[in-house]
Each structure stands twice: as structure tokens, then as C-alpha cells.
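The values are calculated or read from the model by the stated rules, or taken from the named source; none is laboratory data. Quick caveat, the model's predicted, so the values are computed rather than measured. Cβ sites come from the backbone with ideal geometry, for glycine too, and all protein chains shown count toward neighbours.
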């Protein structure tokens, strides 16, 4: 017998060699019918894998993140089989699960596939799925694996296998199909009831632009057709809310091939919106004791070698800038923190000076692959609402909680109330990914968990998601379409203060190392605005929107009064404009609706005589004829209800 510990702490004794599915059935036959994946002693396994030793078991259903991952990974095998059967000679490479669905990278040779082929691929994949074929894992020798793919002429799989150790290689079989795979599948293909091919794109083998470009086939699958239908409806809504579409319609930003890929150009309305966001945070930061600093867009390469960023991110950075001076190299700034460390080093500090809170809207640059660029969410130049707090170890807990308060204020003021806090810690199995001592990592991780607990946050702990220099608290926000995004982040860092030899004089008159907190409530201005656009559908909070009202004179003779209304609105600090075009009021209203302007103020003979305005809200609500003072109070009260002081 073996002892199997379940997530609730209960222990079940099972026969040695019993499977996760056997354990599930011992809990409940009904529950077992929904179990599709499992993890034993932190290793993903099949529900049919024999359990041979005591351990901890987690059983997953479709409703769990890991369950979906197994479902979508298994579906990628089915689609791969369909592609292999429909396109003989196609070379399969890799096909992982992603956040929403899966993809498979394929070398189709001289052929190409497009949207017109999707239906045939889906039909073939569903035909395979209905066969209810079991997924079966088997170990193979390195020689066997190489022989199989050399015989097929698949150089991609051969390259993958050559980098694997003999004794660690497994194949997954279902139906007549075999693939190189580590595991993590659902019991059989019959659980897959709906499959949709979403798109195709180019993708370089192993993400290297020097390698051949493959075809990446994106898809998604569900255990019920109804869920696919609902997902496609959500996708359609997402298309209408796409920040690239709305950004163009609302004239917020653009891109230019001449300027360069991934380098956004902010148009006047977008620049004004950014400025309002910056001023909003600056005001809160000032109350919280931050000091604004400014650092250059470049730095000597040695600066980032010292910080560790060059070793970790050098390949993702722009190439060094060489000056006429021998051996002098600069980098476009990939991060602000090394610069802020040098600002702290400007002069000696006493414990009485701490904490020091340096804030900057600093623009940084990273050379993202062209295939990964996406509107404002993935760019090569972006501005972080960055700040770094240098404090004593005794001040760490309080400072961290204060940053949580600031982040919650920012998210709440912008309508992001639905979020989960994620404590991102090291992956203990890959210590080479991180810098610094184990002792410092443990102190930093415990500080974050304790602060999140004390603030009453609903948080999860995710292994392997930490930054290379320290753990962090990420705010995972759900938007109006139910999609999850990472926005604000707070990080604890014991390592950069050591690397830059930062010190302060303590009360004992000895030199001590400060602790560093990295924080960015927005994350990056570009990404935050993109997500805000999609979350609101372009209907920004009233305090933030570029134009809060538009005055619509009924005819040319009312333009003078319209200008008087505009002047009054400006005196009340309400952003507005007058539409003087010789169009009908109906057309002007329709265009104002399309431009997401919250209030349409119609003025004609009656309004001019009574010194009023006729107010229509975006969306069609008619508020009737009111005085300018009442309208100004309406706007002020509405702003105050959403934008509370920090």
C-alpha cells in the first residue's frame, strides 16, 4: 500500500500501482468522470500513470488551469495528426498549450495554408477525436527516437532529441499518431468535442530570425460545443474592442514603418491622455513621499553587466552603441533600476534618511522579435511608471504594504476591481536562473507573502515566475471580457544593493545594506493604455477621457452661444469642443457617439434664450435642458465618485 495525500491534507491508502483515476473514483464516481489530468509530487502525469510511492496528488478538471493546459496540449496532438494526414510530408516541430488554446509549428515545405483550409482541418481533427483513442506514454531510447525522425527526414525533431539525455525521452501515442512528448494529456481524444482553428502566422524555428520560418497554426478546443460558441462570441467582442482598432478610430496613437517596428507614435489626444495618467500617479506619489528623478535613455554597457541585466537580457536588447573611443560601448536602457541605484549612490546615507523613494516615467528599450510585436501590448520602446524604494530591513514590511495601497488605488480608480494577486517566487528546480543567496531569496519571498496576507489580498503562489533578481507580487486583472492580464507589479530585491555596493550608516555607526523595492502600478504606459482601451471599449473614465463633452449648435446662428458655452465649460475645467460643421445635428450626434464622447450638449433658440444646454449622454440617455452650473456639478460629482483622493 502507498499513502496518497490530497490537497485538503487528507490521506488515502491505495494499492501500489493504482492510478490517479483510481484515487478519483475512490472519492466519487461523479468527480472521477470530470478528472482529466493530474500532478503527483509536483510532476505532471497522466491519469493512467501507476503510482509507485507515497506522495501528494492533485486531480484536475476542465475548470482548473492545469486541466485546460492538458486538454489543449492533447488537442494539439490531434490537430497535428490531422495536418500530417491532410498534408503528407509536412514536418511537425512543437505544439504546446498556451493561455487560450494551443499552437503547432509546422514546416509545410512549398505549400501554405490559409483561412480557406481551416474547415477541412477542423473536420479531420474532430473525426480523429471521435475515435476515443487513448493517449499512451512510452519511454524510448535516444537511438530509437533519432532513428524514427531521421527516417522521416524531420530535422527539427532530430535537433530537439539531440539536446535530450538518453533515459529521459518519451513518445505519446494515440490512434496511428506518435509524437515526441514529455506528457500531460487527457485520458482519450473523445473528451474533445469542439475544435476551432483560429489563425496561422509565421514563426521562426526556435524563435531565431536566422532559422527557417515555419507556419504556426493556432487553435482552441472545448469539451462542449456550447463553450466554443460562447468563446467565438467573446472573440468577436474582443475584435470590436481591439486597442489597435480603437486607437486608430479615437486618434490616440499610430505606428510608422519609417520610424521602426514596435515604436509607437503618440498623437495629440493620446499624448494628452498619457499626461493625465502620469499626473494622476504623480499626485498620489507626492502624497506618498516619492521624489521624481530623470535618467538618460542610454547607459554604459558595464552598468548593465554590473546589474546582471546584460547577462540575462543581452540577447533581447538592442546591440551595443559603439563610440569613436576605443572599447567604449553604450546600451539603450533596458531597465531603469541600475540608474536609480547610481542615484542612491550619489551621496552617503544614514538610517535617518531612509526610506528613499525615487520615481520616474522612464522609457526603456528591448529588441522583441518582430513576430511577437503586437500593438501597444508588445513593443520595443515603452515607458514604465517606475519607482525604487531603498529602505532598512525593518522598514520593508511597512513600505511594501504602502505600495500595495497605492497599486490598489490606481487599479480601483481605473475600473480594474476584478483581480487576483500572484506571489511570483523562484523555481527551486532551476536555481541557475536567479542571482543572489538562498537566504536573501527566502527573506524576500516571506516578506511578500506576509505583506499580502496582512493586507487581506486574495493571492496565489506561482513557482518560476519571479524576476531573476527577486520575487514579486503581480496583480492579475480580469477585463470586461473575462481575460486575465498582468498589470501592477511590486518586487523585493536584496541583490542589486549588493551588486552596486549600496550602503547606509545605521544607528550603530556601521555600514548596512538597504533593501530595494521595485514597483510599477501601471507596469508600462503603453500596455496599460492598451488594456484600458480594451477593458472600457474606449469609454474611458470621465476624469481621463480626452474630450468630456461636445457642444452641438443646431445651426450657424447658434455658434456664438456655443462658443460662450465652451468658454464656461473651460472655466469649470471641463474638456470640450464645438462642432461647427454644416452637418445635421443627427449626424453630429452619431459621430460623437462613435468617438465615445460622454456628453453631447445641444444648443438652439430655447437654450440660448434660457441660458441652458440640452444634455444627451453617450449611449442615448436624454438628461433634458439644464443650466451650465448644474452640468458642471454633474461632471464634478461623477468624477469624484470614481476618483477618490489617495
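Tabulated data
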quantity: Evaluation of residue 242 against (1) out of contact with any strand residue (DSSP E or B) (no Cβ under 8 Å at 6 or more places or on another chain); (2) surrounded by 17 or more Cβ atoms within 10 Å (Cβ to Cβ) (one fails), failing number; calculated: (2)
quantity: Only listed residue being surrounded by fewer than 18 Cβ atoms within 10 Å (Cβ to Cβ) and not in a loop (DSSP other than H, G, I, E, B), chosen from 583, 534, 570; calculated: 570
quantity: Test result for residue 634, on the phi < 0 side of the Ramachandran plot and in a strand (DSSP E or B); calculated: no
quantity: Single condition residue 331 does not satisfy, out of (1) modelled with pLDDT under 95; (2) in a helix (DSSP H, G or I); (3) over 20 Å from residue 254 (Cα atoms); calculated: (2)
quantity: Some residue of segment 38-47 being in contact with a helix residue (DSSP H, G or I) (Cβ under 7 Å, 6 or more places away or on another chain) and part of a loop (DSSP other than H, G, I, E, B); calculated: yes
quantity: Residue check, residue 494 free of Cβ contacts under 8 Å to residues at least 40 places away in the same chain, more than 21 Å from the chain's Cα centre (by Cα) and more than 19 Å from residue 385 (Cα to Cα); calculated: no
quantity: Any hit, segment 498-521, residues being within 20 Å of residue 416 (Cα to Cα), touching a helix residue (DSSP H, G or I) at 6+ places or on another chain (Cβ under 6 Å), assigned by TED's automatic domain parsing to the domain that holds residue 305 and assigned to a loop (DSSP other than H, G, I, E, B); calculated: yes
quantity: Number of the exception - residue 226 against (1) more than 23 Å from residue 535 (Cβ to Cβ); (2) touching a strand residue (DSSP E or B) at 6+ places or on another chain (Cβ under 7 Å); calculated: (2)
quantity: Cβ pairs under 6 Å, 6+ apart, first in segment 156-182 and on the phi < 0 side of the Ramachandran plot, second assigned to a strand (DSSP E or B) and exposed (fewer than 14 other Cβ atoms within 10 Å of the Cβ); calculated: 170/139; 171/138
quantity: Qualifying helices (runs of 4 or more DSSP H) (wholly inside segment 217-306; at least 2 residues being over 24 Å from the mean Cα position of the chain (by Cα), modelled with pLDDT of 95 or more and in the same structural domain as residue 83 (by TED's automatic domain parsing)); calculated: 225-241
quantity: Count of residues meeting criterion [in contact with a strand residue (DSSP E or B) (Cβ under 7 Å, 6 or more places away or on another chain), crowded, with 17+ Cβ neighbours inside 10 Å and in a loop (DSSP other than H, G, I, E, B)] in segment 48-71; calculated: 2
quantity: Criterion: at pLDDT below 90, over 20 Å from the mean Cα position of the chain (by Cα) and either under 25 Å from residue 416 (Cβ atoms) or in the same structural domain as residue 400 (by TED's automatic domain parsing) (or both) - qualifying residue of 449, 435; calculated: 435
quantity: Meets criteria (assigned by TED's automatic domain parsing to the domain that holds residue 88, in a strand (DSSP E or B) and touching a residue at least 12 places away in the same chain (Cβ under 8 Å)) for residue 198; calculated: yes
quantity: Unique residue being within 17 Å of residue 220 (Cα to Cα) and without any contact (Cβ under 8 Å) to a residue 60 or more places away in the chain when the list is 101, 67, 55; calculated: 67
quantity: Residues (touching a strand residue (DSSP E or B) at 6+ places or on another chain (Cβ under 6 Å) and assigned to a helix (DSSP H, G or I)) located in segment 605-620; calculated: 607
quantity: Criterion (closer than 28 Å to residue 206 by Cβ and either at pLDDT 95 or above or in contact with a helix residue (DSSP H, G or I) (Cβ under 7 Å, 6 or more places away or on another chain) (or both)) met by exactly one of 145, 32; calculated: 145
quantity: Options 623, 544, 601: the member that is outside the structural domain of residue 413 (by TED's automatic domain parsing), modelled with pLDDT under 95, in a strand (DSSP E or B) and under 27 Å from residue 414 (Cα atoms); calculated: 623
quantity: Residue, nearest to the chain's Cα centre (by Cα), within segment 360-371, restricted to residues that are touching a residue at least 60 places away in the same chain (Cβ under 8 Å) and under 20 Å from residue 489 (Cβ atoms); calculated: 368
quantity: Only one of 189, 141 that is in the same structural domain as residue 102 (by TED's automatic domain parsing) and either surrounded by fewer than 18 Cβ atoms within 10 Å (Cβ to Cβ) or farther than 16 Å from residue 77 by Cβ (or both); calculated: 141
